[in-house]
Structure formats: structure tokens, C-alpha cells
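What follows is a set of notes on a single structure, which appears directly below.
The values are calculated or read from the model by the stated rules, or taken from the named source; none is laboratory data. The shown structure was predicted, so the numbers you read here are calculated from the model rather than taken from an experiment. Every residue, glycine as well, gets a Cβ built from its backbone with ideal geometry; the counts of neighbours run over all protein chains shown. Surface accessibility is based on the protein's heavy atoms, side chains included, excluding ligands, DNA and RNA. Shrake-Rupley method; radii C 1.70, N 1.55, O 1.52, S 1.80 Å.
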Amino acid sequence: MAIKLNINGKVLTADVDPDTPLLWVLRDTLGIVGPKYGCGVGQCGACTVHLDGQPIRSCQAPVSAIGAARVTTIEGIGATPNGQKVQAAWSELDVAQCGYCQPGQIMSATALLNSNPKPSDADIDAAMSGNICRCATYTRIRAAIKRASGQPVEA
């Protein structure tokens, strides 16, 4: 079944089973490989994308449920003001270690700043709790979110 999707501002068509998770449509059908497969049950956050600006786990979203909503992936988040700030802070503070979880982390961090421009440490911890980093770069992730929000970063 041909399904039209608005991804990173472009309308793309995927001929897939309607129950196919969005993650697999992005990666395997459309070649948009920034969202990563992690746990496959929506617990690790590696597959996080935005659906009309809200973070979702693309491994758990059947493509037929997307409809006309705008999907933004790590490949498109840099076109948004907060996405640019988050990506710049990530680079400046050298957040990534192995990097596997970083697309999902950046997507969740950007969604946080979209809803809360000056998050506290507790706000950051709560918003990012669904994104797991096996390298445990949580301190650098928190610092990068603070930097992206214009708040001082502790050395």
C-alpha cells in the first residue's frame, strides 16, 4: 500500500504494509538512517523522531498512524532553531562517545527546549529519562542541553 509521509519537509511515498513501524519505513524503505534501532520496544529512545514536534518512538508507531503529521528526524532537526542550538552544543561539548544513541538524545533534547526553554537539572533528567546511553554520557548530555538553552554550564 502506498503511503505518503511528510518527512523533514518533503513528501515521500513508501509502498509498505500499513502495520510496518515508522522506523523501518524510514531506514529500510526511504534510506533515512539517522533514527536507530535499539530495543524495539520503545524503551531506549534510540529511534526517537518528532511527530508534529512531539518526540515519539518510531519503532512503536505503525506507519498507517502517521497520516498527514510532519515527521522530523535527526537529518532534519538542524533546520529548526533549537535543533541547531542542540547540535552545536553537542559538538562544542563533545557529548558523543560511541554515538549510537545520540540521534535520539538530540531529538528528545530539542523537544524539551521547544516546550521548556530554560530547563532545570530535574526537568532535563525527567525529559531525558527515556533515552538510554550505554556509554553513560548523561553528565555531558545535561551540560549540552544547558548550553543550548543559554544557561551556564558547570566545568
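Please give every one of the aspartates and glutamates within straight-line cross-link reach of Lys85, meaning a C-alpha to C-alpha distance under 17 Å, and leave out same-chain neighbours fewer than 8 residues apart.
Glu75, Asp94
What share of the DSSP beta bridges in the stretch 2-72 is antiparallel, in percent to the nearest 5?
Of the beta bridges lying entirely in the stretch 2-72, close to 85 percent run antiparallel.
Quickly work out the Val11-to-Lys118 label distance, labels modelled 7 Å from Cα along the C-beta direction, and quote it in nm with one decimal.
It works out to 4.2 nm between the two label points.
If you roll a 1.4 Å probe over the heavy atoms of the protein chains, what accessible area per residue do you get for the stretch 54-130, in Å²?
On a per-residue basis, the stretch 54-130 sits at 45 Å².
Want the number for Cys98 to Ala79: 0.36 nm per residue separation, take away the alpha-carbon distance, what's left?
This chain segment gains 4.4 nm when fully extended.
Of Trp24, Cys135, Pro81, which is farthest on the positive side of the dipole of the chain, counting Cα position, with +1 on Lys and Arg Cβ, -1 on Asp and Glu Cβ, and the Cα centre as origin?
Of the candidates, Pro81 comes out farthest on the positive side.
Compute the acute angle (0 to 90°) between the alpha-carbon long axis of helix 81-92 and the principal axis of greatest extent of the alpha-carbon atoms of the chain; round to the nearest 10°.
The helix 81-92 is inclined about 60 degrees to the chain.
Counting only the backbone N, which residues of the stretch 50-70 are under 14 Å from the spot 7 Å out from the Cα of Tyr37 toward its beta-carbon?
Flagged as within label range: 58-60.
Using a 7 Å offset from the Cα along the Cα-to-Cβ direction at both Ser64 and Asp19, what is the distance between the two label points in nm, to one decimal?
About 0.9 nm separates the two model spin labels.
Between the alpha-carbon centers of the stretch 65-123 and the stretch 128-146, tell me the distance in whole angstrom.
12 Å
So how tilted is helix 102-115 from the main axis of the chain? Cα-based, degrees 0 to 90, rounded to 10.
Rounded to the nearest ten degrees, it is 80.
Where Lys and Arg each count +1 and Asp and Glu each count -1, what net charge lies around Pro21 among other residues with Cβ under 15 Å from its Cβ?
The answer is 0.
Ordered by residue, what ³J(HN,Hα) values in Hz, to whole numbers, does the stretch 125-130 give under the Karplus form 6.51 cos²θ - 1.76 cosθ + 1.60, where θ = phi - 60° and Gly and Pro are x?
Couplings: 4, 5, 5, 9, 5, x Hz.
Considering only protein heavy atoms and a 1.4 Å probe, what is the carbon-and-sulfur percentage of the accessible area of the chain?
52 percent
I'd like the FRET efficiency for Cys135 and Gln54, computed as 1/(1 + (r/R0)^6) with the beta carbon distance as r and R0 of 35 Å, rounded to 0.05.
0.85
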